[in-house]
Protein chains: 2
Amino acid sequence: MPTRRSTATMKDVALKARVSLATVSRAFAAPGSVSETLTQRIVAAARDLNYTLNVNARSLRSQSSGLVVVLIPDIGNPFFSVLLQGIEEQARALGLAILIGDTHGDRELAATYARLLDTRRADGMILLNGTVPNRAHDGARLSPQRYPVVAISERIPGADIAMVGINNRAAGFEAVAHLAGLGHRRIAHIMGPADNILTHERAQGYREGVLAHGCDLWPEALQPGAFSIRAGRAAMAKLLDGPAPPTAVFAANDEIAIGAIIEAKARGLHVPRDLSVVGFDDIEYAESYDPALTTINQPRREMGRRAMAMLGELITDPDHRQADVNLEYQLVVRASTAPPRVASRKPVSRT
Amino acid sequence: MPTRRSTATMKDVALKARVSLATVSRAFAAPGSVSETLTQRIVAAARDLNYTLNVNARSLRSQSSGLVVVLIPDIGNPFFSVLLQGIEEQARALGLAILIGDTHGDRELAATYARLLDTRRADGMILLNGTVPNRAHDGARLSPQRYPVVAISERIPGADIAMVGINNRAAGFEAVAHLAGLGHRRIAHIMGPADNILTHERAQGYREGVLAHGCDLWPEALQPGAFSIRAGRAAMAKLLDGPAPPTAVFAANDEIAIGAIIEAKARGLHVPRDLSVVGFDDIEYAESYDPALTTINQPRREMGRRAMAMLGELITDPDHRQADVNLEYQLVVRASTAPPRVASRKPVSRT
DNA sequence: AGCGACGCTGTAAACCTTTACATGAGTTGT
DNA sequence: ACAACTCATGTAAAGGTTTACAGCGTCGCT
């Protein structure tokens, strides 16, 4: 018969240590403020009684929970895992715990998690999905009060929320520049979901790159898609079915890139000989794939750390205005890109 | 100047609705127990005042948090993501939230999360890493009191904790049976980390399979490893450097399998023509890999759901004894296995 | 009419901690 | 020697909810 422990409280500890309740509280909260003798007595008593702080009581009284909500659209997406580790690392350093909310892209669900802020159950929130959940929560009304919130990777339009990420437009440009530098002139782009802000930034970078390097830009060059292998495959199929297929593809993320490669292989094409592919994100499997993916590496751990650090400041000082942070990305050249088999024209020099 | 909302409490709602505090509480907690008229007045007042329940106060009073801790050794491991979704789904159905604790295999960290149970901040715990964290927490002493805990996938030795998973031994056996059925006689096994229980169960299944099908069993056939691509690669290299390399490999999980394939390819071998590989887990990338992985599929979402359901029962009734649950697994045959190039002997029929 | 039962509502205690304020002892400065 | 401080400690209120218990009106039954 598992007996729940009749929990010891501060009162019990105070009694046993022959001090007042307040002194016990202070002994734990502000180590300097209680004399050496008493502190020792208190610690000993707490140990003997197997005392543990009741966090709910503390939160109730101090109006803060020590918890931070992290909203993720899909925890299965490997892009987020390292990010999460960075967040968690920094959170621990700040004495905070994180609560991961997987929204599956469901706004309703996101709102549920966001409500944790309202109920004082969380002190702040990190957004990973490019949408402000509160908005959905009860119609169009945005919560009037401001909570500590920071966004990672995606700038949230119309919301005054600090962000840490990379310059996606520039990265997209660089991906195209790499392909153009190899001699490709017919470069397609498979995009992410239309409602995602990153999609447009990367596509914009693509467009500028294509223009700057004098490459082709035909109507079907920009394929709509989604951040998944399946979508990448489907889009690649369309591209390959077109009248003049591209010799290279810039995919909006690595999963799309993998999908594209699968489809190309299925049609007997060799990557990179017949088709070059560059991805985005540099997920763990990018390096292990066959061929190893050329892709844009984002400093994910650092992004997580920085975001959490910013949030920490915001929690202690809500009036603090945080500026956006843009970190360095990196084009990682691996085996999925090569010069086109028959260079349509001679290689274009980079501007 | 972001003004924190001067939060409305139940008292305010009671005042506005001209009822007592208790009635408001009951109106929310037990819908049936308050008259229609009052309920309406209360709901209206709550809406007008923008009232939200203070969860900390509730937790303090009711001694439960509505939170469940899920301990994961590595959130980056794709095996866990779907599992998590199953857990989360079921948790939501039960009105519980989950707190994901990534331990990075660090016992100290696991103990930190486990302490959430002590501090009444969590009502229960789901273990995904095969170790009981409390044990590490303060030396050898296991907490005397019992908390609602259930383990997924790994039976925890020496602890009386209910588990949901699959029969890993049988699955290992089946993997070998599949290879033997294709005609392989020289089948190696790359194992997971030695301190993991699954490692031994799968290895045991392998041994029994090899024996039952009259295959070779040489000293180096069982390669120690870890659940990672890198480890799989290294082990495969050793196997291939041996005097009589295997024609097939059973890897303890998919990442090992991918590592093994990478190494084989690097040496100019073709999979499955020169080497058959079967993995374990059927992670998302198994299907997309080249070649698509033959592997053991675990019903991950269902495992998560069941575990959470069991935990739910345990939370409401701590005395309830839960029996272990073994779910159905499935061997998924894809492109990474084939008959050996030169069948060493004629195909062995399955017993 | 009287009695018990029942259903709804109110009163007040309890949950455990933090913290403003009060107290008193010890120290410093003049 | 005494005022003015400092410092460690104690007292008690506050934080927002749940819930045992009590009160009261209504209904049905005899």
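The values are calculated or read from the model by the stated rules, or taken from the named source; none is laboratory data. If you're wondering where the values come from, they're calculated on a predicted model, not measured in any experiment. As a convention, Cβ positions derive from the backbone with ideal geometry for all residues, glycine included, and neighbour counts pool all protein chains shown. Just the protein is used for accessible areas: all its heavy atoms, side chains included, with ligands, DNA and RNA removed. Shrake-Rupley method; radii C 1.70, N 1.55, O 1.52, S 1.80 Å.
Quick look at the numbers
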{"item": "Filter pass, B:GLN85 being within 15 Å of DNA strand C (Cβ to nearest atom), at pLDDT 85 or above, open to solvent by 10 Å² or more (accessible area, probe 1.4 Å) and over 25 Å from A:ALA57 (Cβ atoms)", "result": "no"}
{"item": "Evaluation of B:GLU284 against (1) open to solvent by 10 Å² or more (accessible area, probe 1.4 Å); (2) within 14 Å of chain A (Cβ to nearest Cβ); (3) modelled with pLDDT of 95 or more (one fails), failing number", "result": "(3)"}
{"item": "Qualifying residue in segment B:240-254 (condition: more than 20 Å from B:PRO291 (Cα to Cα) and part of a helix (DSSP H, G or I))", "result": "yes"}
{"item": "Enumeration of residues in segment A:53-82 that are in a loop (DSSP other than H, G, I, E, B) and more than 16 Å from DNA strand D (Cβ to nearest atom)", "result": "A:PRO73, A:ASP74, A:ILE75, A:GLY76, A:ASN77, A:PRO78"}
{"item": "Residue that is assigned to a helix (DSSP H, G or I), modelled with pLDDT of 85 or more, among the small types (Gly, Ala, Ser) and surrounded by 19 or more Cβ atoms within 10 Å (Cβ to Cβ), where the choices are B:ALA114, B:ALA91", "result": "B:ALA91"}
{"item": "Tally of residues being away from DNA strand C (no atom under 11 Å from the Cβ), open to solvent by less than 40 Å² (accessible area, probe 1.4 Å) and more than 14 Å from every other protein chain (Cβ to nearest Cβ) across segment B:18-52", "result": "2"}
{"item": "Some residue of segment A:182-201 being at pLDDT 95 or above, assigned to a helix (DSSP H, G or I), surrounded by fewer than 20 Cβ atoms within 10 Å (Cβ to Cβ) and out of contact with any Pro (no Cβ under 9 Å at 6 or more places or on another chain)", "result": "no"}
{"item": "Every pair of residues 6+ apart whose Cβ atoms lie under 8 Å, when the first sits in segment A:55-75 and is more than 9 Å from every other protein chain (Cβ to nearest Cβ) and without any contact (Cβ under 8 Å) to a residue 60 or more places away in the chain while the second is among the acidic types (Asp, Glu) and more than 16 Å from DNA strand D (Cβ to nearest atom)", "result": "A:ILE72/A:ASP102; A:PRO73/A:ASP102"}
{"item": "Scan of segment A:257-285 for residues that are closer than 21 Å to A:PRO339 by Cβ, touching a residue at least 40 places away in the same chain (Cβ under 8 Å) and outside any loop (DSSP other than H, G, I, E, B), ordered by number", "result": "A:ALA257, A:ALA260, A:ILE261, A:SER276, A:VAL277, A:VAL278"}
{"item": "Residue list for segment B:239-271, filter: of a type in the set (Lys, Arg) and touching a helix residue (DSSP H, G or I) at 6+ places or on another chain (Cβ under 7 Å)", "result": "B:ARG267"}
{"item": "Residue within segment B:231-248 that is within 14 Å of chain A (Cβ to nearest Cβ), modelled with pLDDT of 95 or more and open to solvent by 30 Å² or more (accessible area, probe 1.4 Å) present", "result": "yes"}
{"item": "Positions within segment B:20-43 being closer than 22 Å to A:ARG120 by Cα and away from DNA strand D (no atom under 12 Å from the Cβ), in sequence order", "result": "B:VAL43"}
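Okay, residues lined up against (1) open to solvent by 50 Å² or more (accessible area, probe 1.4 Å); (2) under 23 Å from A:THR199 (Cα atoms); (3) among the polar types (S, T, N, Q); (4) modelled with pLDDT of 85 or more:
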{"position": "A:ASP118", "(1), (2), (3), (4)": "no, no, no, no"}
{"position": "A:ASN134", "(1), (2), (3), (4)": "no, yes, yes, no"}
{"position": "A:ASP138", "(1), (2), (3), (4)": "yes, no, no, no"}
{"position": "A:ARG141", "(1), (2), (3), (4)": "yes, no, no, no"}
{"position": "A:GLN145", "(1), (2), (3), (4)": "no, no, yes, no"}
{"position": "A:PRO148", "(1), (2), (3), (4)": "no, no, no, yes"}
{"position": "A:ILE156", "(1), (2), (3), (4)": "no, yes, no, no"}
{"position": "A:PHE173", "(1), (2), (3), (4)": "yes, yes, no, yes"}
